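I have placed the structure first, in the form of structure tokens, so that the comments after it can refer back to it.
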Amino acid sequence: MNYSRFKHGCGVSLLCLMAGISYQAQAQPETQAPPLEEDSEPAQTVASDAISFDAELDMAFGYLDNIFATQNDEVDDLIGIARPRLDVLAKGENYQISVTGRGEIGRYESNSAEDYDDWQIGLNSRARLSSELTIVGGGDYRWDHENRSSPEDVNGLNPTEYQRGYGFAGLLWNKGDISARIAGTITDLNFSDIPSTFGTINNDDRDRVHYELGGRFGYELSSGTDIFVQAAYDERRYDDDFDDFGFARSSDGYSAALGLRHKFSPQLSAEIYAGILEQNYDSPLLRDVSTVDFGALLDWRDPTGISATVRVDRTVEETTLPGASAYILTSGQFSLRAINTPRLTSGFIIQGSHYDYFGASRSEFVTSTGLWARYWLDKRIYLGADYDFAQRTSNRAGFDYDENRLFLRIGAQLEPRKNWDAASQFSLSGKSGPGGGYGALLFSHGTMTTGLDGPRGNGGSNTADFGDDGAAAVAAAGYGFVTGPIYLGLEVEGQLAGPEWNHNASRVFSLEKKDSFGASLRLGYVNAGSDLVYGRFGVVSSRFRTIYDHPGSSADISERETGVGFGLGMEAGFGSRGFVRGEYSLASYGDYDVPTGQGEFDNFSNSENQFRLGIGFRLGATPESDQPAHDFSGAYAGVQFGHGSVISQNFGFRSGGVPIDISRSSAGPVFGLLAGGGIVWEKFYLGAEIDADISNIDWNIDRDPSGRIFSTEHEYSYGSSARLGYQISDSALLYGRIGVVRTKFDTQFSTSNISVREKNWKTGTRFGGGVELGLSSSARLRVDYTHTDYGAFDIEADQSVDRFDNSENLFRIALAFKL
């Protein structure tokens, strides 16, 4: 699911053209619901000079728990979505022309103002002029809308609608070891005005036309290795000379990069490039953009039945935020999917987008994760289920949000499913691999974070993040089925204890998790060694005790809150019936009001993340694997994606000498690289590893219109650690780690009299552990959890000193390859 909904630039399309990727492959429509699996190639071969047709209708019915993407006062709703599609393909020996029409019609049950009708028509053509030269051209026209989670959402009574026209043309030339591409694109954007509670919001100042012209030159250094250089000129012209805030936003710019593409094996290929991005603005009030450009693509498809893709790219995007010239959008995506079976396919995806505004102190990170599955009733009709979790972390107080989306769908298409086998029967087995009944006891550690919003003073407000970590015990039981490499299961769980945070100042309030119980569905992939990699989603009911003491008012509330949760994990078998589980879960709960006296209330919005590690017992024995043992020794390198929390114990004094002792926290994503090596001796593992991360984990406080406004952000880190483990099966490694990490923290502290900002590198001791599985002879996947203690530091402001004692909890899932 694309939670940013709309990208204002068109550089990605141009780069795809210069790389020789077809427009049809890279210009799929953005959808509210997750897309179908990417195996929609025709099952039959089109004859020379023939015309073929394909059509599809997908009907989805879903539940969204936060349709306006807000931290507090969340609104949920049910939605129905219809997605029709019609494709016409004309193909000859030296040409191909395709015409596509797509639509997406969404209808909400209770919030009809959010209804939308999106449409797209497109043309894509390719003709081979000679054995060395190919010409491509086409375009599309869209009637679309911006998602409420878009960074450019203007908070109107209806979503912002826009029309987008796009055209492209290019020449592709190859001769021997040399390749060249030249391409041009034009994009025209027209935004509609929308009503608001304060009148009509003018969006005409966003209307513009983008022109791009670029080229790419490549040379094959050796078999499977290409080096290339690419450059593009970019011109953006707005219809209005000035926007509503008086800024002339028209601009021109360029990009240039040097890259390398290498095919390591028939299963593994990669591309990486780096260069510069420049954008120069007509207005002297807007800062010109000059930043590093980079991108990467890693594609792995293993014959054992699993594939993975990693993508990273960077662009300069348009904004109408006053004072900001643009935002730098850095995006990453990691997808994992089980290879198709005749009737059932499934997959997992995690995406991250960092919005860094140039010229304004605003930075946001949107992370989304999703699970999907499709079951084909016959070669043209399918059933499906999709679950997505999205989270935004922002350096502006009150702009964070969590959102859960669950869809059930049914669809039909004219073209038969690829690789359909009518003789194939769908069978579920509870007696193979990890199938059957089981029970598990787990140790849990995680962080509870609360977004608070409430009135302060005369017409003022307080928006703040609080939280702390803690441990708990979890018991789980469930039953699972295995069909081919795919696992389907249902699990129930109960938990005792949990995190607790405190706010001790002139107002004394706290939150404690007492217990919880829940149920979830699990969807996973079973490798050749009967180990399980899975995702889960479900419902949890937790009992919270909320205490709030304020002069003239006292509240002690103990109530159950219902939340929706998502998780990722691994189970590695040992012995004939035992297994070790490591998993990470996220849960967001409905917000609620707490009385603070004099008829006023503070709104609490709770979210929780926790890592669980423990052992389990299966009722059925796991069959012995005849696969060779995975070799965990040697050097490796890889990428890692994750999620974590920063916790700050804040000590100091406020006016009148009132002491404070406050737990502040928030959660966010982390992305990084790792490399290391190790040896295995008698199943014991000893290794060393280095890693580097970039993240956007920060907590914020905003007391308006007067009072303290401050925040702490975890920006970058690098470190090294030693790993000691034990190979519990032929394909699984259980390990612990300890090491040292250096992290850059950005702390801002301001009052009505003074403003202080400090960026400090802090050294911390990091310890933790995880579970690592061998996916193939060269690839391995791990889940890893660590805690880091950085110690305390002081911030001096306005003749007072505040102390911050920082720590962090990080979960990371890593895909690594043996070197």
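The values are calculated or read from the model by the stated rules, or taken from the named source; none is laboratory data. Model, not experiment: these values are computed from the prediction. Cβ sites come from the backbone with ideal geometry, for glycine too, and all protein chains shown count toward neighbours. When the accessible area is computed, the model is the full protein with side chains, heavy atoms only, and any ligands, DNA or RNA have been set aside. Shrake-Rupley method; radii C 1.70, N 1.55, O 1.52, S 1.80 Å.
Among the residues in segment 783-794, are any among the aliphatic types (A, V, I, L, M) and assigned to a strand (DSSP E or B)?
At the first step, the residues of segment 783-794 found to be among the aliphatic types (A, V, I, L, M) are 783, 792.
Those left that are additionally assigned to a strand (DSSP E or B): 783, 792.
Checking segment 783-794: at least one residue is among the aliphatic types (A, V, I, L, M) and assigned to a strand (DSSP E or B).
Report yes if residue 254 is in the same structural domain as residue 208 (by the TED database) and within 29 Å of the chain's Cα centre (by Cα), otherwise no. Break it down stepwise before answering.
Details: in the same structural domain as residue 208 (by the TED database): yes; within 29 Å of the chain's Cα centre (by Cα): yes.
Here the answer is yes, as residue 254 does meet what is asked.
Of all residues in segment 177-199, count the ones that are free of Cβ contacts under 8 Å to residues at least 24 places away in the same chain and part of a loop (DSSP other than H, G, I, E, B). If you could, list the steps in order and put the result at the bottom.
Taking segment 177-199 and keeping what is free of Cβ contacts under 8 Å to residues at least 24 places away in the same chain, we get 193, 198-199.
If we keep only those that are part of a loop (DSSP other than H, G, I, E, B) too, we end up with 193, 198.
Matching residues across segment 177-199 total 2.
For segment 170-188, how many residues are surrounded by fewer than 21 Cβ atoms within 10 Å (Cβ to Cβ) and over 26 Å from residue 328 (Cα atoms)? Looking only at that region, the number is 9.
If you go through segment 390-404 and keep only what is in contact with a strand residue (DSSP E or B) (Cβ under 6 Å, 6 or more places away or on another chain), open to solvent by 10 Å² or more (accessible area, probe 1.4 Å) and either charged (D, E, K, R) or within 22 Å of residue 375 (Cβ to Cβ) (or both), you end up with 392, 400, 402.
From 508, 482, 526, grab the single residue that is more than 25 Å from the chain's Cα centre (by Cα) and closer than 30 Å to residue 375 by Cβ. Even if it seems obvious, please write down each step before you answer.
Values: 508 fails: closer than 30 Å to residue 375 by Cβ; 526 fails: more than 25 Å from the chain's Cα centre (by Cα).
Going through 508, 482, 526 in turn, the sole match is 482.
Within segment 517-565, being more than 30 Å from residue 772 (Cβ to Cβ) and of a type in the set (Phe, Trp, Tyr) holds for 517, 544, 548. Out of everything in segment 645-664 that is at pLDDT 90 or above and in contact with a Ser or Thr (Cβ under 7 Å, 6 or more places away or on another chain), what residue ends up being surrounded by the most Cβ atoms within 10 Å (Cβ to Cβ)? Here the answer is 646.
Any chance segment 602-625 includes a residue that's among the charged types (D, E, K, R), part of a strand (DSSP E or B) and open to solvent by 70 Å² or more (accessible area, probe 1.4 Å)? Checking segment 602-625: not a single residue is among the charged types (D, E, K, R), part of a strand (DSSP E or B) and open to solvent by 70 Å² or more (accessible area, probe 1.4 Å). Checking the stated criteria, residue 360 turns out to be modelled with pLDDT of 85 or more, of a type in the set (Gly, Ala, Ser) and open to solvent by 10 Å² or more (accessible area, probe 1.4 Å).
Let's see how each residue does on (1) in contact with a strand residue (DSSP E or B) (Cβ under 8 Å, 6 or more places away or on another chain); (2) among the polar types (S, T, N, Q):
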| residue | (1), (2) |
| --- | --- |
| 280 | yes, yes |
| 296 | yes, no |
| 303 | no, no |
| 314 | yes, no |
| 317 | yes, no |
| 328 | yes, no |
| 337 | yes, no |
| 346 | yes, yes |
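Residues of segment 305-331 that are over 22 Å from residue 290 (Cβ atoms) and assigned to a strand (DSSP E or B): 306, 307, 308, 309, 310, 311. Can we say residue 249 is closer than 30 Å to residue 281 by Cβ, among the basic types (Lys, Arg) and in a strand (DSSP E or B)? No; evaluated as a whole, the condition is false for this residue.
Take the conditions within 30 Å of the chain's Cα centre (by Cα) and more than 21 Å from residue 290 (Cβ to Cβ) and apply them to residue 208. Does it pass? So residue 208 fits the description; yes. Among residues of segment 748-762 that are over 19 Å from residue 805 (Cα atoms), those with a beta-carbon under 8 Å from a residue that is assigned to a loop (DSSP other than H, G, I, E, B) and acidic (Asp, Glu) at least six positions away or on a different chain give the pairs 751/798; 753/798; 754/798. Considering each residue of segment 74-91 in turn, at least one proves to be of a type in the set (A, V, I, L, M, F, W, C) and under 30 Å from residue 464 (Cβ atoms). Residues in segment 480-503 that are crowded, with 16+ Cβ neighbours inside 10 Å, not in a loop (DSSP other than H, G, I, E, B) and not hydrophobic (A, V, I, L, M, F, W, C): 480, 483, 487, 489, 491, 493, 495, 500, 502, 503.
Pairs needed: first member in segment 790-819, without any contact (Cβ under 8 Å) to a residue 24 or more places away in the chain and more than 27 Å from residue 612 (Cβ to Cβ); second member anywhere, open to solvent by 20 Å² or more (accessible area, probe 1.4 Å) and of a type in the set (Val, Ile, Thr); C-beta distance under 7 Å; at least 6 residues apart or different chains. That search, which allows pairs on different chains as well, returns 794/801. Given the structure, is residue 418 in the same structural domain as residue 324 (by the TED database), in contact with a Pro (Cβ under 7 Å, 6 or more places away or on another chain) and either surrounded by fewer than 19 Cβ atoms within 10 Å (Cβ to Cβ) or modelled with pLDDT of 90 or more (or both)? No: the conditions fail for residue 418.
Quick one: in segment 763-819, of everything that is hydroxyl-bearing (Ser, Thr, Tyr) and surrounded by 18 or more Cβ atoms within 10 Å (Cβ to Cβ), which residue is nearest to residue 443 (Cα to Cα)?
From segment 763-819, those hydroxyl-bearing (Ser, Thr, Tyr) are 763, 765, 776-778, 785-786, 788, 790, 800, 807; that's our starting set.
Checking which are surrounded by 18 or more Cβ atoms within 10 Å (Cβ to Cβ) leaves us with 776, 778, 785-786, 788, 790, 807.
Working: 776: 30, 778: 31, 785: 13, 786: 14, 788: 18, 790: 24, 807: 20 Å.
Among those residues, the one meeting the criterion is 785.
When 130, 125, 110 are screened for being open to solvent by 20 Å² or more (accessible area, probe 1.4 Å), assigned to a loop (DSSP other than H, G, I, E, B), under 30 Å from residue 177 (Cβ atoms) and out of contact with any His (no Cβ under 7 Å at 6 or more places or on another chain), only 130 passes. Taking the criterion of being open to solvent by 10 Å² or more (accessible area, probe 1.4 Å) and part of a strand (DSSP E or B), the residues of segment 146-169 that qualify are 161, 163, 164, 165, 166, 167, 168, 169.
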